[in-house]
């Protein structure tokens, strides 16, 4: 009787009540009366085989769709619980206002009928007042479509989605309603959009901040001011709230444990410019009164402090990041000693003295373990030894987790594996097996590309590279070769490269064995052809190189490598005339060049393509004529670059300062094509490629670039994120000189700005665009404000 009374109440009220509420009101949930429950069946129905399942009331909804939703099937025993669940599942699709299930016996046949009342569907979706976004764009943003079931909730969802889209683009005061009368009478969903002005953040104020500069605090928040082309300056209330929380977290992480941060949005009278004002109550900065250790038995507190190299000391500010690093340092200390399950916890309590805290480091040491078996998984096409030679640990060694972590990094850097993970497994009381799991990356690449730079003009690229080559794995049949089942698995690299270009053309064939005899000695063999046209002459070079290198992974020379290389080259100089400089005329025609070059490198950077910390030092000496040839001289070059992470924002994007210096000198009489030249990308931006050089010539032409015997370069570059991890900005200072001898007569310098665009399609090397302005130059120098480098492979 309760269901009948409710149904009568609905029928009596339906004539006056509108089908949908105004969109400004919160969505309403379906009432219980929308899906009435039938009376329970008698005991003779349960378990009876269903002969037929019917649907009544379907008009727009396909019967096949309804059948796919339910679980009651013809031929199955009837279950009341399943049938009622089917009614609920149909109702929850949102396509029906009510669902009822009935059972009827026709003789010995059981017929189950689902009677539905379909929900009204949208006849059309329309937008009024949208200027910023096209209708097609708004339709993509909402789930409500023409023909979709209508409900207050669906309309409200669509309004929220539209307003969210507008606010993300800076239309903070957008307001969206719907035409309730058109919806009730004609089932037309008409969204009325009042866009309002586009508001951009012009200023960000940190009121009350004294401990940190606005620049430091700006790096901790998502909200950014408007910069044409680079930043939209859109405002979002939720984002501002997150920013206030991030600032508070930053302050507390720097020791300001009582810090409070609020925010307010101040709209300018022009209704378009916004000031975001963060109100900061810093409070006192807390310092560490005492540091105590608990649970340690293997190392004394003094040993932990010294051997782990802890940075926090009594009297220092309580900084969360430094504390986190110290916890990791303690963990690394124990890891190196075989305590792989050590757990370190930091706790602090307020001291009775104001502004001080007592810090406690609790260490759960667990047991010491040694390496058992080393098990390798995932190397389907790669030999085990290729993996093992990147591991610096062996069975019976203390299980050093830091060594395992370093091995993971080395395995990824081989470019043979996209993933590498080393985990301790087993339950032996003394040993843990090391499970080395790798995921092989693509082994062979065939790349077609094109690039353009201000140094080299337009250049094409066709490259075939196999990074997991095996020169001894010859195919037994032609089928093995064509199916890629030969010449693979040893971790060697074979690279064939053809680069035709407008100014430069190259051809190279290189082979590298990174581990000769499974030892950390690398061997290289290369053949190459190179041709280029300069304004002074044309050059062709045909050569052969071979080298042997060694990498030191442990001991005092860790991070160092050494290489000795031999070069044999035929050089042909053409394109000269009567007025060419005598130094150029002297090398006209064919000549032979040989050299022996020794190089030592120390590299502690954290990334090959985007270093954020560490340094790279390279020292080389090359002796020409040591193996014969037409020239006898020597060249030495020293290069050093240091990277500093100046700041890390909330998204873990780093601001990086790079300082670099290069010095080179030639001893003896070197031909012009082996001398030093400056200018362009990688040298002194703001000057043309080879635009910085001593000049020469004959009679009417005295401005030919002939190179110098002494090179000195220095530079500083500050790199910072602009948009996500895709776009970075740079500011830089490049300076240096190229001289005939080891003196400084002319000093060049240029300042500039630039952008680095990281696009996955273009590989790990970014697209570079730089603007540089010389602030010191020689009158003969060739300058160039804009330089760029764009390249891709596909």
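The values are calculated or read from the model by the stated rules, or taken from the named source; none is laboratory data. In this text the structure is predicted, and so the values were computed from the model without any measurement. Heads up, the Cβs are rebuilt from the backbone with ideal geometry, glycines too, and the neighbour counts pull from every protein chain shown.
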Has the range 257-273 got at least one residue that is touching a residue at least 12 places away in the same chain (Cβ under 8 Å) and closer than 15 Å to residue 357 by Cα?
-> yes
Out of (1) buried (at least 16 other Cβ atoms within 10 Å of the Cβ); (2) modelled with pLDDT under 95; (3) more than 19 Å from residue 716 (Cα to Cα), the one residue 672 does not meet is (2)
Of the listed residues (597, 585), the one being over 25 Å from residue 659 (Cα atoms) and either under 26 Å from the mean Cα position of the chain (by Cα) or without any contact (Cβ under 8 Å) to a residue 24 or more places away in the chain (or both) is 585
From the option list 487, 481, 515, single residue qualifying as outside the structural domain of residue 703 (by TED's automatic domain parsing), more than 30 Å from residue 585 (Cβ to Cβ) and over 35 Å from the mean Cα position of the chain (by Cα) is 481
Filtering strands (runs of 3 or more DSSP E) wholly in the range 684-794 for at least 2 residues that are closer than 27 Å to residue 232 by Cβ and modelled with pLDDT under 90 gives 710-723, 767-776, 786-793
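Suppose the filter is crowded, with 17+ Cβ neighbours inside 10 Å and either in a strand (DSSP E or B) or modelled with pLDDT of 95 or more (or both); does residue 634 pass it?
For residue 634, the condition - crowded, with 17+ Cβ neighbours inside 10 Å and either in a strand (DSSP E or B) or modelled with pLDDT of 95 or more (or both) - is met.
Could you grab me the full set of residues in the range 769-783 that are buried (at least 19 other Cβ atoms within 10 Å of the Cβ) and over 32 Å from the mean Cα position of the chain (by Cα)?
Within the range 769-783, 774, 777, 781 meet the criteria.
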Filtering the range 634-663 down to residues that are free of Cβ contacts under 8 Å to residues at least 40 places away in the same chain and touching a helix residue (DSSP H, G or I) at 6+ places or on another chain (Cβ under 8 Å) yields 635
Filtering the range 610-631 down to residues that are part of a strand (DSSP E or B) and on the phi < 0 side of the Ramachandran plot yields 615, 616, 617, 618, 619, 620, 621, 622, 623, 624, 626
- Query: Does the range 290-305 contain any residue that is surrounded by 15 or more Cβ atoms within 10 Å (Cβ to Cβ), part of a loop (DSSP other than H, G, I, E, B), touching a helix residue (DSSP H, G or I) at 6+ places or on another chain (Cβ under 6 Å) and free of Cβ contacts under 8 Å to residues at least 40 places away in the same chain?
  - Reply: no
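Give 536, 569, 563 a once-over and let me know the one that is free of Cβ contacts under 8 Å to residues at least 60 places away in the same chain and more than 30 Å from residue 391 (Cα to Cα).
It is 569.
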Problem - Condition met for residue 682 (within 37 Å of the chain's Cα centre (by Cα), crowded, with 18+ Cβ neighbours inside 10 Å and over 29 Å from residue 321 (Cα atoms)) - result: no
Residue 158 passes all but one of the listed conditions (1) more than 26 Å from residue 226 (Cβ to Cβ); (2) crowded, with 18+ Cβ neighbours inside 10 Å; (3) touching a residue at least 40 places away in the same chain (Cβ under 8 Å); the exception is number (3)
